[in-house]
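S.K.: Take this structure first; my questions come after.
Please treat every number below as a calculation from the coordinates, not as lab data. All figures in this text were calculated on a predicted structure; none of them were measured in a lab. So basically every Cβ, Gly included, is an ideal-geometry build from the backbone, and we count neighbours across all protein chains shown.
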Amino acid sequence: MSLSITSSVSNRSAARGLVPLCAGVGAYLFYLAAGEILLRDSDTMWQIRVGQWILDHRAMPYSDVFSFTRYGEAWISSSWLSQVLYALAYGPGDWAGPVILTSLATGATVAIFLHLLTPYFDPARAFLIAALALLLSTTHFFARPHVLALPVLVAFLGGLMAAADRRSHPSWLLLPLMVLWANLHGGFVLGLALIGPIGLEAVWSAEPSRRRELIVRWALFGFAALAASCVTPYGWNTLLGAMKILSLGKLLSLIWEWMPADFSTPSFFEATLLGLIGIAFYRKLTLSVPRILLLLGLIYMALTHVRNIEIFAFITPLVLAKPIAEQWGGPEPAEPRFGEARSVPFVTILAAIAVLIGGGVTTKLFVDQHPFKFLPSVTPVAAVDLLQQQKAQRVFSTAPFGGYMVSRGMKVFIDGRAELYGEQFVLDYFDATEAKNVGQLLGLLDTYRIDATLLNATSPAGYALDHAAGWKRLYKDGTAVIHVRANDKTSALPAAENAN
């Protein structure tokens, strides 16, 4: 009887141990199969171009080299490691590498997330929570540095919450994660900011006799994490540069991913948030004061900027996991959490190897039969071909076209680096593209000595230039429209080359 019970427990443990890996591989294959949804933001292209520049020059950028409006001005890349990884994965005209890399990061995020939830939820409930987190986050999943940093974010903050749940101090092994995070993406400042609130939960829940010791240990870890975040090619400037985006003021309300959540129309985030509130009231969930503050902070972040919804989606369950398991019932905490050693059954290792091999074979077969392409709406190929044929130098373009233009070796008016261009410059750009004041638009074109414009085919500025004195439409297709000065030599281009 005892042998039977031991075998049953071992089998359940092995099966539960495979759940994170299998779910992670499943998430990876899903996003690989739907790879085009990761290729719908042209920022990916300039990110790769920055990575290629770093590899070509064996140096880090300290000034802008990709625009003509800010050329030579101070600029550092807080996502340099992600950019290099994307550049290494990218082959000319082949987007399979970036898609695979981004899908791997997503799969790793899911696997780590489920590993952290496993002690508190049975596999079915943990899998459901992970699926909901993915659904909430998918709108912000692009082949960009923040996705490569997401598994590090979940692992680091999950490690902090694991320590708080144990009423202990965080493992020093989390510090290398902070170093990695600081080199992958500027979002590492969130990790630094949450050390204090999560540490407060550990101190709040601990026995009074241990609180002073925990305060000291969490404070030391906080200082060590701050030092670790400076272990980058830029040192302390990485932290300053990462925070610069937060100083853009009014501009943040105009950039999609920095806009506040909009509840004027139904959304999945709205339904999830209301559902969470309703369930918590119905089941009478009780939280400590620090956990309440953490939860309110995560909700505030998600409501303030939609790009923070993914943080809400993956971190909120970690904050609520222990109270829910204790008050609503959960599995016996037989498995250790992040940072604790455990033995792995041999059969689990074999099964894991089989899963990984299966994922690799599936990837090879799929990629060989499925070429990945960027959305045409952000890749005005024909229009840029024409501009390069005509040797246009100073082109006023919309920011979504900037990434593609950088990838084609053109100096741009603007791209996705809002922190480089500054609040007022980008606000002037938005006003110009909206063409609410045609005189202001024409003044901006004169100020920067623009000789051609490359705008979205339906841009109000494009319609305004159709009727503006001194400007002439040169080309238009379903993606973009080009205007040149009426006395420019490009206006002599034969009409047969105009697609519309």
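S.K.: Expressed as a fraction of 2.2 N^0.38 Å, the rule-of-thumb size for a compact globular protein of N residues, what is the C-alpha radius of gyration of the range 376-497?
M.R.: That works out to 0.97 for the range 376-497.
S.K.: Starting from 0.36 nm per residue, how many nanometres of slack lie between Val216 and Thr362 once their C-alpha separation is accounted for?
M.R.: 47.6 nm
S.K.: Here is a further query. Can you sort Trp328, Trp53 from fewest to most other Cβ atoms within 10 Å of each residue's own Cβ? All intermediate terms of the calculation are to be shown ahead of the outcome.
M.R.: On the way: Trp328 11, Trp53 18.
Placing the least packed residue first, the sequence is Trp328, Trp53.
S.K.: Roughly how many whole Å is it from the C-alpha centroid of the range 370-445 to that of the range 163-230?
M.R.: Distance between centres, Cα-based: 42 Å.
S.K.: Still on this structure, I have one more. As a footprinting exposure proxy, order Ile324, Ile414, Ile279 by other Cβ within 10 Å, with the fewest listed first.
M.R.: Values: Ile324 20, Ile414 23, Ile279 12.
The most exposed by this proxy come first: Ile279, Ile324, Ile414.
S.K.: Could you line up Ile48, Ile277 from fewest to most neighbouring Cβ atoms inside 10 Å? Present the calculation step by step, with values, prior to reporting the outcome.
M.R.: On the way: Ile48 26, Ile277 11.
With the sparsest Cβ surroundings first, the list reads Ile277, Ile48.
S.K.: Which pairs, out of Lys250/Lys476; Lys250/Lys436; Lys391/Lys411; Lys436/Lys472; Lys391/Lys476; Lys391/Lys472, put more than 21 Å between their alpha-carbon atoms? Mind dumping the intermediate values first?
M.R.: Working: Lys250/Lys476 33 Å; Lys250/Lys436 18 Å; Lys391/Lys411 12 Å; Lys436/Lys472 19 Å; Lys391/Lys476 18 Å; Lys391/Lys472 17 Å.
Check vs 21 Å cut-off fails for Lys250/Lys476.
S.K.: If packing is taken as the average number of other Cβ atoms within 10 Å across a peptide's residues, how do 394-407, 227-240, 29-42 rank, most packed first? Kindly include the intermediate steps, with their values, before the conclusion.
M.R.: Values: 394-407: 23.5, 227-240: 17.1, 29-42: 19.1.
Going by the mean number of other Cβ atoms within 10 Å, highest first, we get 394-407, 29-42, 227-240.
S.K.: Still on this structure, please answer the following. Run the dipole for the chain about the Cα centre, Lys and Arg Cβ at +1, Asp and Glu Cβ at -1, nothing else charged, and hand back the magnitude in debye, nearest 20.
M.R.: On the way: 37 positive and 34 negative charges, 140 e Å.
Dipole magnitude for the chain comes out near 680 debye.
S.K.: What fraction, in whole percent, of alpha-carbon pairs in the range 134-231 exceed 20 Å separation?
M.R.: Numbers: 1813 of 4753 pairs.
Here the tail beyond 20 Å accounts for 38 percent of pairs.
S.K.: Just the number: Rg to Rh for the range 207-276, Cα atoms, Kirkwood Rh, two decimals.
M.R.: Numbers: Rg = 19.7 Å, Rh = 16.5 Å.
When Rh is taken as the Kirkwood radius, the ratio is 1.20.
S.K.: Once the cut-off is 21 Å, how many percent of the Cα-Cα pairs in the range 343-434 end up in the long-distance tail? Don't jump to the answer; show the numbers that get you there.
M.R.: Working: 2390 of 4186 pairs.
Looking at the range 343-434, the distances longer than 21 Å represent 57 percent of pairs.
S.K.: I need the P(r) histogram for the range 415-457: all alpha carbon pairs, bin width 5 Å from 0 out to the longest distance, whole percents.
M.R.: For the range 415-457, the pair-distance distribution reads 5, 20, 28, 30, 15, 2.
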